[in-house]
Amino acid sequence: MPVLSLREFIRKIPKAELHIHIEGSFEPEQMFTIAGRNQLTLPFTSVDELKKAYEFNNLQEFLDIYYAGAGVLVTELDFFELTQAYLRKIREENVLHTEIFFDPQTHTERGIAFETVINGIRRALEEENQSSGMSYRIILCFLRHLDEDSAFRMLEMAAPFKEWITGVGLDSSEVSNPPSKFAQVFEKAREEGYLTVAHAGEEGPPAYVREALDLLKVSRIDHGNRSLEDEALVMELAERKIPLTVCPLSNLKLRVVEDMKNHPMKIMLEKGLSATVNSDDPAYFGGYMTENFLAVSTALSLSQAEITQLCVNSFLASFLDSDTKETMIQKVLDFSNTHSFMMDS
Ligand code: ADE
Ligand code: ZN
């Protein structure tokens, strides 16, 4: 049986990514190239200066820089190249399926047409699917710092592209913007056939997770770390098999956890929660899927069985059909049954 380094085992094991903001995969070098092409200036003079600004004390400090970066994306080609660069990275990490978020209000508020954004993103995903077979879903996120009317207008703008969009989500500044603020637009979205997810319990209290379940009727919780503060909620999440799309490096960079050794991933698994590993905003937080798995596996000494479970969970929690899920899970198990790793190499 081949014995791999932990990094190689993690890189090669089949996996799905379920929590990635495509605007959060905007690497500094590409940001400067695209800004220059569009004759736009960033509030930083160089790649180095920009990278030095990637020190965050909380979610809002990150979001301020993230929206400034996203502000140089203008043409369909920009959105295409952004998505293509992300897909090239995760192809090397044996990500077989990805469900990507995009934040259209960030762009339409600057006068960019919705179709410019989605056409570019989708063309890259389609080309990747044709060439490598990687499958994908697209999830439209409403910005929770804006009002519900704005979210309603976005839902209307998305209508002609409904066939391309599997679900709607909720992101941006969590505290003071509870899921209840968006109950009606999520209800309309569900009536129109969209699945729903929401960021909850990243910085916000467990009550926000409960609202996401009860009012937004979400299929998954994005992050969900603070659910652990409410034992009854944990039991419900476990019993109902509501997945959590957890993002270890994001949690560290945004100070949701102070040290990776205190990350709740192992506790989540022990409590029977369907936790998954994801990158969130990989260009800002120090890496893509491999780096996230490696950081949490090393800090918590996760076993091969636990790492395998996280990859099985990623397909179980996906919006793939049940036959495809089964096929993908078999690929994970086949890999894990025929490979092992050495922890210290
Ligand atoms: N938008 C991009 N990344 C986010 C995160 N981690 N939380 C909330 N909104 C986001
Ligand atoms: Zn996120």
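Along the charge dipole of segment 3-342, which of Leu273, Gly111, Ala198 sits closest to the positive end, that is, farthest toward it, with unit charges on the beta carbon of Lys, Arg, Asp and Glu (+1, +1, -1, -1)? Going by the charge dipole, the pick is Leu273.
With the simple spin-label model, which puts each label point 7 Å out from Cα in the Cβ direction, the Gln60 to Asn119 separation comes to 3.8 nm. When only Cα pairs below 8 angstrom with a gap of at least 6 residues are kept, the chain shows a relative contact order of 23 percent. Return the lysines within reach of Lys325: Cα separation strictly under 17 angstrom, same-chain partners fewer than 8 residues apart disregarded; answer none if there are no such residues. Counting by Cα, and skipping residues close in sequence, Lys325 has these lysines nearby: Lys15, Lys241. Equivalent ellipsoid of segment 183-340: semi-axes from √(5λ) of the C-alpha gyration tensor, largest first, are 25, 20, 15 Å. Among the GluC sites (Glu not before Pro) in segment 28-72, those located in a DSSP loop and surrounded by at most 15 other Cβ atoms within 10 Å of their own Cβ are Glu55. Take the Cα of Asp147, step 7 Å toward its Cβ, do the same at Lys271, and the gap between the two points is 3.7 nm.
Cα gyration tensor of segment 177-273, axes a ≥ b ≥ c as square roots of the eigenvalues: rounded (a/c below 1.5), prolate (a/b > b/c) or oblate? Since a/c reaches 1.5 and a/b is larger than b/c, the shape of segment 177-273 is classed as prolate. Considering every alpha-carbon pair of segment 1-106, the percent of pairs per 10 Å bin, from zero through the bin containing the longest distance, is 13, 39, 31, 14, 3, 0. Along segment 31-48 the Karplus relation, 6.51 cos²θ - 1.76 cosθ + 1.60 evaluated at θ = phi - 60°, assigns HN-Hα couplings of 4, 5, 4, 6, 4, x, 4, 9, 6, 10, 10, 9, x, 9, 8, 8, 4, 4 Hz to successive residues, with x for each Gly and Pro. For segment 234-301, the set of GluC sites (Glu not before Pro) satisfying both a DSSP loop assignment and a count of at most 11 other C-beta atoms within 10 Å is given as Glu258. A Förster distance of 25 Å, applied to the separation of the beta-carbon atoms of Val47 and Arg91, puts the FRET efficiency at 0.55. Select from Asp280, Asp149, Asp78 the residue whose mean-square fluctuation is largest in a Gaussian network model of the chain (Cα-Cα springs shorter than 10 Å). Answer for the Gaussian network model of the chain: Asp149. Solvent-free Debye calculation, one equal scatterer per alpha-carbon of segment 3-342: log10 I(q)/I(0) at 0.07, 0.13 Å⁻¹ equals -0.26, -0.97. Rounded to the nearest 20 debye, the dipole magnitude of the chain is 580 debye, with +1 charges on Lys and Arg beta carbons, -1 on Asp and Glu beta carbons, and the Cα centre as origin.
When +1 charges are put on Lys and Arg Cβ atoms and -1 charges on Asp and Glu Cβ atoms, the dipole computed for segment 1-158 relative to its Cα centre reaches about 560 debye.
Give the range of the longest stretch in the chain that excludes all trypsin sites (Lys or Arg not before Pro) found in loop regions by DSSP and having at most 16 other beta-carbon atoms within 10 Å. The longest uninterrupted stretch comes out as 1-109. Using R0 = 25 Å, the C-beta based FRET efficiency linking Thr298 and Val3 works out to 0.90.
If you take the Cα centroid of segment 285-343 and the Cα centroid of segment 41-99, the two points sit 25 Å apart.
What the Cβ-Cβ distance of Glu156 and Ser180 gives, at R0 = 22 Å and to the nearest 0.05, is a FRET efficiency of 0.50.
Coordinate-derived values only; no laboratory data. All values reported here derive from a predicted model rather than from experimental measurement. Heads up, the Cβs are rebuilt from the backbone with ideal geometry, glycines too, and the neighbour counts pull from every protein chain shown.
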